[in-house]
Amino acid sequence: ELMKLLKSARVAVSPLKFPLLCHTLKQLQCPNLEAIEEHPELTTLVASSWFAAVRGRSAQLLLLGHPALSEVPKIAKHITQSLWFQEANATGRYRLNLSEPSDFCIAESVLLVNAWESEVGRLTSSPDVSQHGNNEMLRNEEHNEAPFLYSREWMLPDRGFFRFDFSSIRRPGPSVAPMPEATEVCRYLRSQFHTPASKLKALRAVSVHMYISAHQLRNLLLCFTCGEDRQEVFCMLHSRTVDSANMLGPSLLFNEAVFGEADRTAVFSRLGPLHLLSPLNPEAVPYRCCLAIYEERRIVEFLVRLTTQEAGGKVLRLCSDGRYVAVNASWADKGVPSEDWTFTSRYETASVNHAWRRTLAEKYCLGYAGAASAPPSHTGSAGASAAFTATVSHRESSVGRRRSAREDE
């Protein structure tokens with residue numbers, strides 16, 4: 001349903017009508033018909049501007065047959081991000097130039113996907129795992145390198161550089177099994193005939209059709225070198241992995257052979273610590289928490305609440321002298337203070353209460369409740385559709401206000 005709504009929010013240009021539209025727009029740019037052929041850059045401009053308005057990848061690729069062959073690389077430079085963008089798996093890092101039509105279209109699509117997932121999350125009572133406690137999927141937002149806090153009232157500008165990370169709340173349903181085809185994908189990724197960038201694009205394209213195990217994810221990660229490429233693969237596929245307990249533990253995320261400390265810190269920043277919390281096995285990993293930050297304070301809150309039903313359970317923080325001391329036991333009753341206090345902690349217990357861990361998992365993490373585990377993008381509700389439609393209307397009115405402002409100028 002989300003894909004239908006996204007398409008309805010776009011002006012459709014069929015590949016059969018594109019040549020006529022292209023010729024008409026070129027005439028507006030260059031009224032002299034005889035001079036049009038002397039300006040192949042006009043075709044590049046039109047194709048780059050309208051590429052994102054064409055529905056479907058096949059139809060979009062047909063457009064590349066109209067410009068001169070020499071102009072195709074120039075067009076590709078403008079449309080690459082739009083061509084490989086996957087609405088059904090939007091998790092990733094975005095660096096968008098809003099003055100580029102294709103980049104603006106990506107920004108608009110991501111904000112619409114964000115609105116959809118946010119509303120479905122509220123309707124299904126999914127845990128709020130956002131960075132700021134606002135149920136938004138966007139993180140680390142910047143416009144022209146100035147950080148800001150995104151809200152639905154924010155009007156997407158038509159110029160400037162928009163940077164952010166998107167961390168989806170979609171998770172595999174409880175009945176989903178890993179697919180053996182992932183092994184074949186690994187074989188192609190090990191090929192030496194393609195660049196890492198092209199492999200990442202291809203992996204992004206097929207990711208929407210894959211569900212994998214933590215072991216398969218590990219093999220896919222090892223097809224890429226440490227650094228941003230490996231980070232990108234994990235961010236892309238963590239929400240397609242069916243056994244999150246294995247993925248988020250020492251066998252993968254906290255395995256030094258897979259992720260070094262710098263890469264692991266970057267992944268936590270891009271996805272968020274609540275997305276990467278393993279509530280059924282919290283003992284094996286360290287936690288770096290700042291109590292002034294919503295998502296990191298929630299981690300400590302989860303661990304403190306865990307101690308109330310597990311004999312010998314303790315949340316230990318690392319002191320400057322290297323000793324571990326227990327945090328204030330009253331936090332379990334009075335709540336964790338929202339102070340500007342950063343420390344590293346760990347959890348230990350003498351007795352595991354599996355039922356209590358699962359109860360807390362449903363409250364603090366994704367994928368542990370029956371309603372929350374279902375992918376929200378295909379099972380929409382009337383409430384989510386209404387919220388999505390309202391968001392589209394808000395953006396359309398924003399465009400109208402921008403046009404009016406320009407006309408006044």
**Q.** the range 114-149: number of residues that are in contact with a helix residue (DSSP H, G or I) (Cβ under 6 Å, 6 or more places away or on another chain), of a type in the set (A, V, I, L, M, F, W, C) and farther than 11 Å from Ser167 by Cα
**A.** 4
(Q) Go through (1) of a type in the set (D, E, K, R); (2) in contact (Cβ under 8 Å) with a residue 24 or more places away in the chain; (3) open to solvent by 10 Å² or more (accessible area, probe 1.4 Å) for Glu295 and report which single condition fails. (A) (3)
Q: Could you look through the range 196-219, keep only residues that are without any contact (Cβ under 8 Å) to a residue 40 or more places away in the chain, hydrophobic (A, V, I, L, M, F, W, C) and more than 14 Å from Glu184 (Cβ to Cβ), and pick out the one that is most open to solvent (accessible area, probe 1.4 Å)?
A: Ala197
Q: Within the range 161-177, count every residue that is in a loop (DSSP other than H, G, I, E, B), under 21 Å from the mean Cα position of the chain (by Cα) and not hydrophobic (A, V, I, L, M, F, W, C).
A: 6
Q: Among what's in the range 220-265 and is β-branched (Val, Ile, Thr) and touching a helix residue (DSSP H, G or I) at 6+ places or on another chain (Cβ under 9 Å), pick the residue that is surrounded by the most Cβ atoms within 10 Å (Cβ to Cβ).
A: Thr241
Q) Restricting the search to the range 314-344, which residues are within 31 Å of the chain's Cα centre (by Cα) and acidic (Asp, Glu)? A) Glu339, Asp340
Q) For the range 349-373, what are the residues that are modelled with pLDDT under 95 and of a type in the set (Phe, Trp, Tyr)? A) Tyr368
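Quick one: is Arg346 of a type outside the set (S, T, N, Q), touching a strand residue (DSSP E or B) at 6+ places or on another chain (Cβ under 9 Å) and either at pLDDT below 60 or open to solvent by 40 Å² or more (accessible area, probe 1.4 Å) (or both)? Outline the logic, then answer.
On the way: of a type outside the set (S, T, N, Q): yes; touching a strand residue (DSSP E or B) at 6+ places or on another chain (Cβ under 9 Å): yes; either at pLDDT below 60 or open to solvent by 40 Å² or more (accessible area, probe 1.4 Å) (or both): yes.
So Arg346 passes the test.
So which helices (runs of 4 or more DSSP H) stay within the range 193-293 end to end and still have 1 or more residues that are within 28 Å of Gln81 (Cα to Cα)? Let's see the steps before the verdict.
Values: elements: 196-207, 214-221, 228-237, 244-247, 261-271.
Those helices (runs of 4 or more DSSP H) span 196-207, 214-221, 228-237, 261-271.
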Q. Does the range 149-159 contain at least one residue that is among the aromatic types (Phe, Trp, Tyr), part of a loop (DSSP other than H, G, I, E, B) and farther than 22 Å from Arg240 by Cβ?
A. yes
Q: Keeping to the range 115-143, report how many residues are at pLDDT 95 or above, closer than 20 Å to Asp158 by Cα and open to solvent by less than 10 Å² (accessible area, probe 1.4 Å).
A: 2
**Q.** Members of the range 76-129 that are in contact with a Leu (Cβ under 8 Å, 6 or more places away or on another chain), of a type in the set (Ser, Thr, Tyr) and not in a helix (DSSP H, G or I)
**A.** Thr91, Ser126
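From the list Ala53, Ala90, Ala76, which one is of a type in the set (A, V, I, L, M) and at pLDDT 90 or above?
Numbers: Ala53 fails: at pLDDT 90 or above; Ala76 fails: at pLDDT 90 or above.
Ala90 is the lone residue from the list that is of a type in the set (A, V, I, L, M) and at pLDDT 90 or above.
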Q: For the range 172-195, enumerate the residues that are open to solvent by 30 Å² or more (accessible area, probe 1.4 Å) and under 16 Å from Ser244 (Cβ atoms).
A: Pro174, Ser175, Val176, Ala177, Pro178
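The values are calculated or read from the model by the stated rules, or taken from the named source; none is laboratory data. Please read all numbers here as calculations on a predicted model, not as lab measurements. All Cβ positions, glycine included, derive from the backbone under ideal geometry; neighbour counts span all protein chains shown. In case anyone asks, the SASA skips ligands and DNA or RNA and just uses the protein heavy atoms, side chains included. Shrake-Rupley method; radii C 1.70, N 1.55, O 1.52, S 1.80 Å.
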